[in-house]
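Undergrad: Pasting a structure below so you can have a look.
The values are calculated or read from the model by the stated rules, or taken from the named source; none is laboratory data. This one's a predicted model, so the numbers in the text were calculated from it and none came from an experiment. Backbone-built Cβ (ideal geometry, glycine too); neighbour counts: all protein chains shown.
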Amino acid sequence: MEPLDIEVDENSLALPADPLQLLMGPSHPAMHGTVRIVLDLSGETVLKADVQIGYLHRGFEKSCERGTWNQVFPYVDRCNYSSPMLNNVGYALTVEKLCGLVVPERTQYYRVIMGELARMADHLVCNAAMGMELGAFTPFLWWTRAREMIYDIFEEETGARVTHSFARVGGMAQPPTAHFKDAVRAALPKVLAANAEGVSLLQNNRIFMDRTMGVSAISAEDAIALSWTGPSLRSTGVPYDVRKAHPYLVYDRFDFDVPIGTNGDNYDRFMVRVEELAQSARIIEQALDQMPDDGPVNVADPRFVFPDKSEVYTTIESTIRHFKIVMEGIPVPKGEAYGYTEAANGELGFYIVSDGSGTPYRVRIRPPSFSLVGGLSKLITGQMIPDIIPTFGSLNMIGGECDH
């Protein structure tokens with residue numbers, strides 16, 4: 001029997017198809033915290049992405065309004081647990097602004113050095129995680145080892161490796177240790193060498209380049225419209241850095257550059273952080289040279305600073321003063337203030353309101369991660385499913401400050 005000669009219209013066989021919906025997160029190790037993304041897919045291409053935050057909400061702002069002004073420091077530690085010292089300094093500067101306090105010069109340098117070390121640790125962790133999400137495990141080992149060198153310094157200075165709660169309104173909890181400068185000078189070359197080794201494994205690696213260059217790019221105009229700051233904004237070519245645009249502490253005394261990218265893609269965000277590590281090291285080296293070797297680390301105002309422990313144990317006046325600061329809190333003048341600094345992910349702002357008591361009436365945070373995650377949907381739409389994770393990693397979203 002001969003086959004029938006039948007003409008078939010291929011268009012008539014095309015069946016209507018709806019996009020496949022995929023739920024990514026919130027309980028997934030690649031989500032950098034508990035974030036949920038509802039994806040509409042065509043094959044592996046993202047047609048639409050609904051990014052949903054809020055699963056890690058911890059009531060940060062209301063918790064801060066239940067204790068004294070100094071009892072807020074452990075809470076700001078947990079906002080960005082990759083660089084908590086920068087949060088400590090940012091909050092302290094805001095309260096000091098309302099109080100009209102200027103900490104001693106030695107403390108200003110101490111805060112700069114500790115803050116830049118925290119920035120380096122944060123960038124190392126971000127790039128390490130981003131590389132590992134693309135299958136590069138060896139750089140992760142190099143960079144986490146470098147981070148541990150920085151953590152050793154923090155542990156020696158503060159007694160804690162991760163959450164330090166070391167800053168105080170009017171100064172710092174303790175003065176620098178006797179070997180602080182030597183420890184930092186010894187660690188910096190090792191950290192930079194480990195960073196360079198990790199970069200050498202990725203910078204010209206064909207897989208890494210193909211997976212990051214031109215992937216999830218964003219224009220400078222769109223980044224500004226989304227209120228982006230920090231390395232993610234600078235990767236688009238916008239050289240905005242609070243340390244340069246609005247210097248605080250003693251940043252106006254240092255010579256350093258603001259690295260910028262051109263394409264605003266995953267590769268540029270990665271490389272901006274690489275270059276910022278070197279710039280932080282430049283700042284630290286200059287600060288070590290300029291920092292006084294002795295002098296007070298707290299303001300000479302008994303209303304804000306704890307008395308020496310030996311005096312607390314031996315005089316009734318110091319015992320009462322210590323008791324009042326602990327139980328009643330420091331007397332922050334009635335009013336409001338907003339302070340902002342350059343944290344690891346961008347501009348970190350604190351808005352505080354005082355009713356004149358020892359407890360904050362209002363504490364509000366402007367976390368950089370919140371704005372960055374607001375642009376995630378735009379970045380991953382049109383990309384492939386495997387591009388979502390490194391793109392999310394390149395933003396360095398920290399759940400504690402995003403959901404605060």
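Undergrad: Quick one: Ser219 ticks every box in (1) modelled with pLDDT of 95 or more; (2) under 20 Å from Gln108 (Cα atoms); (3) not charged (D, E, K, R) bar one, so which box is it?
TA: Checking Ser219 against (1) modelled with pLDDT of 95 or more; (2) under 20 Å from Gln108 (Cα atoms); (3) not charged (D, E, K, R), the one that fails is (2).
Undergrad: If Met327 satisfies all but one of (1) under 24 Å from Ser216 (Cβ atoms); (2) among the aliphatic types (A, V, I, L, M); (3) part of a helix (DSSP H, G or I), what's the number of the condition it fails?
TA: Result: Met327 passes all but (1).
Yes/no per residue for (1) small (Gly, Ala, Ser); (2) under 21 Å from Leu86 (Cα atoms); (3) under 30 Å from the mean Cα position of the chain (by Cα):
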{"position": "Met291", "(1), (2), (3)": "no, yes, yes"}
{"position": "Gly295", "(1), (2), (3)": "yes, no, no"}
{"position": "Asp301", "(1), (2), (3)": "no, no, no"}
{"position": "Thr314", "(1), (2), (3)": "no, no, no"}
{"position": "Ser318", "(1), (2), (3)": "yes, no, no"}
{"position": "Tyr340", "(1), (2), (3)": "no, yes, yes"}
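Matching residues to (1) at pLDDT 95 or above; (2) surrounded by fewer than 14 Cβ atoms within 10 Å (Cβ to Cβ); (3) over 19 Å from Ala278 (Cα atoms):
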{"residue": "Lys97", "(1), (2), (3)": "yes, no, yes"}
{"residue": "Val103", "(1), (2), (3)": "yes, no, yes"}
{"residue": "Gly115", "(1), (2), (3)": "yes, no, no"}
{"residue": "Asn127", "(1), (2), (3)": "yes, no, no"}
{"residue": "Trp142", "(1), (2), (3)": "no, no, no"}
{"residue": "Thr158", "(1), (2), (3)": "yes, no, yes"}
{"residue": "Ala173", "(1), (2), (3)": "no, no, yes"}
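Undergrad: From Glu133, Glu61, Glu65, grab the single residue that is in contact with a Pro (Cβ under 6 Å, 6 or more places away or on another chain), under 22 Å from Phe350 (Cα atoms) and surrounded by fewer than 22 Cβ atoms within 10 Å (Cβ to Cβ).
TA: Glu65
Here's the yes/no breakdown for (1) within 30 Å of Asp268 (Cα to Cα); (2) modelled with pLDDT of 95 or more:
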position	(1), (2)
Glu328	no, no
Tyr351	no, yes
Leu379	yes, yes
Phe392	yes, no
Gly399	yes, no
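Undergrad: Across the stretch 251-284, which residue is nearest to Pro104 (Cα to Cα) among those that are within 22 Å of the chain's Cα centre (by Cα) and among the acidic types (Asp, Glu)?
TA: Asp252
Undergrad: Which of the residues belonging to the stretch 355-404 are touching a Lys or Arg at 6+ places or on another chain (Cβ under 7 Å), among the small types (Gly, Ala, Ser) and surrounded by fewer than 22 Cβ atoms within 10 Å (Cβ to Cβ)?
TA: Hit for the stretch 355-404 is Gly356, nothing else.
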